[in-house]
Amino acid sequence: MTTESAPARSSTTRVVVASLVGTTVEWYDFFLYGSAAALVFNQLFFPAGDPLMGTLLAFITYAVGFVARPLGGLVFGHYGDRIGRKKLLVLSLVMMGGATFAIGLLPTYQSVGVLAPLLLTALRLIQGFAIGGEWGGAVLIVSEHGSAERRGFWASWPQAGVPLGNVFGTAVLAVLAAVQSDEAFLAWGWRVAFLLSGVLVLIGLWVRLAVAESPVFLEAQRKAEDSGAEQKPPILEVLRHYRSEVLTAMGARFAENVVYYVLTSFVLTYVATFLDLPRGVALNAALIASVLHFISIPIWGALSDRFGRRPIYLLGTVGTGVWAFFFFTMLDTKSFWVITFATTVGLVFHGAMYGPQAAFFAELFGTRVRYSGASIGYQLASIVAGSLAPIIATALLAAFDSSLPISIYVALCSVVTLVAVLRAPETRDRDLAADHAA
């Protein structure tokens, strides 16, 4: 039996559930900040005369979390490639949950002045560091447990934890906003969503601690120990042998990351501030769209097992680039159901990139450096892609008072990803136990 042979179905399912639950909790924490930045933090931590300017300042601290993600990917990747995937996944969950819980206890600008945004920024840095280490471990422990024939499907489930976390975060905020007055929500209601993270983290830890370490990693570790050869730091191996693969991952990630944050974070600002619609319109539309996004991701992952990673990824890339020119026009109707439909279609196209992505990136790198290589490529792109997307979109809206420049921006990002994926090899049939260094 090789390391690529399928383990028992129950074992794979258990690993998938553990990764999904843990990833959902962590992304609940991370996305909660993005929603709060658009709806709450701009008023409580960054007061300004212009609502869009307050939102822009709040999104800047939102972006700080992305800046910390590559560092988290580097540190977690190094130790994940040395001591295993599982230990680092537990640590990332604790760090993320602790930072999110602390945000729920922060004093506001009115209470402590400039100290409030400084503390908020520091906790956002911790969030970014933790989530930077989470992604690589979560998708790799599933990729390295599951069978090669269904790797795209199994590995897509941790990816599905992203919209599921967004669903929970958006749902909690939507319920709080619905049952409270605006004054109560701003005064204390928003804190409930952050404090809830403490309970969710305990659930995530209970599930995640029960899974076994990756068999592919354990086999590679055993071979390395038997060889007696000196092990170089994984990052040096990545820079020496996998530069092209890192660039491929970064390029493939670019449009996917930009599109997601335009559709889930900036849309809240556009609907609530620019269109002057009630907060609940954007929150409920995002909630419905995220549920369908969650359903679509494993479907796209399974399709990538049948047709290949590249064709499905390219479909999503082209689809999101084209849809960007319809999306804002549909939002401008101010119809709840049209807004929901527009957001849903955009996220389903995004799922065509995000579903195959975990398996695709895992298959680019050898086992000895897989955590480091996949994490670095994935997280470096987030600095110039997802972190800047709400900022650029908000700035373009403020400068031109029109959504057309934002659509052009999204389309140009899609071109970057299109080129990267077209230049990439098809990886579906690769053996994860083998090296693929150039």
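The values are calculated or read from the model by the stated rules, or taken from the named source; none is laboratory data. Fair warning: this is a prediction, and the values are worked out from it, not measured in the lab. Please note: Cβ atoms are built from the backbone with ideal geometry, for glycine as well, and neighbour counts cover all protein chains shown. For accessibility, only protein heavy atoms count, side chains too; no ligands or nucleic acids. Shrake-Rupley method; radii C 1.70, N 1.55, O 1.52, S 1.80 Å.
Overview of results
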read-out	value
Cα-based reach from Lys232 at 14 Å (exclusive), listing aspartates and glutamates while leaving out same-chain residues under 8 positions away	Asp81
With all protein chains modelled, accessible area of Ser265 [1.4 Å, Å²]	0 Å²
Relative frequency of Cα-Cα separations exceeding 23 Å in the stretch 217-362, percent	48 percent
Acute angle (nearest 10 degrees) that the helix 197-208 long axis makes with the longest principal axis of the chain, alpha-carbon atoms	20 degrees
Acute angle (nearest 10 degrees) that the helix 9-36 long axis makes with the longest principal axis of the chain, alpha-carbon atoms	30 degrees
Cα centre as origin, Lys/Arg/Asp/Glu Cβ charges: the chain dipole, Debye	480 debye
Solvent exposure of the stretch 12-222 as accessible area per residue, Å², 1.4 Å probe	33 Å²
For Trp323, solvent-accessible area (1.4 Å; no DNA, RNA or ligand), Å²	40 Å²
Folded to 0 to 90 degrees: helix 85-103 orientation relative to the chain principal axis, Cα	10 degrees
The stretch 12-222 - convex hull of alpha carbons, volume per residue in Å³	109 Å³
Restricting the stretch 184-267 to GluC sites (Glu not before Pro) in coil, as DSSP defines it, with at most 13 other Cβ within 10 Å	Glu230
Convex hull volume per residue for the chain, taking Cα atoms only, in Å³	123 Å³
Under 13 Å from Lys334, Cα to Cα: aspartates and glutamates that are on another chain or at least 8 residues apart	Asp276
With DNA, RNA and ligands ignored, accessible area of Thr329 (1.4 Å probe; Å², nearest 10)	90 Å²
Gyration tensor over alpha-carbon atoms, the stretch 367-431, equivalent ellipsoid semi-axes in Å	32, 15, 6
Relative contact order for the chain, counting Cα pairs under 8 Å that sit 6 or more residues apart, in percent	26 percent
Calculated on alpha-carbon atoms, Rg and Dmax of the stretch 146-243 in Å	21.7, 66
Projected area averaged over orientations for the stretch 290-438, convex hull of C-alpha atoms, nm²	9.5 nm²
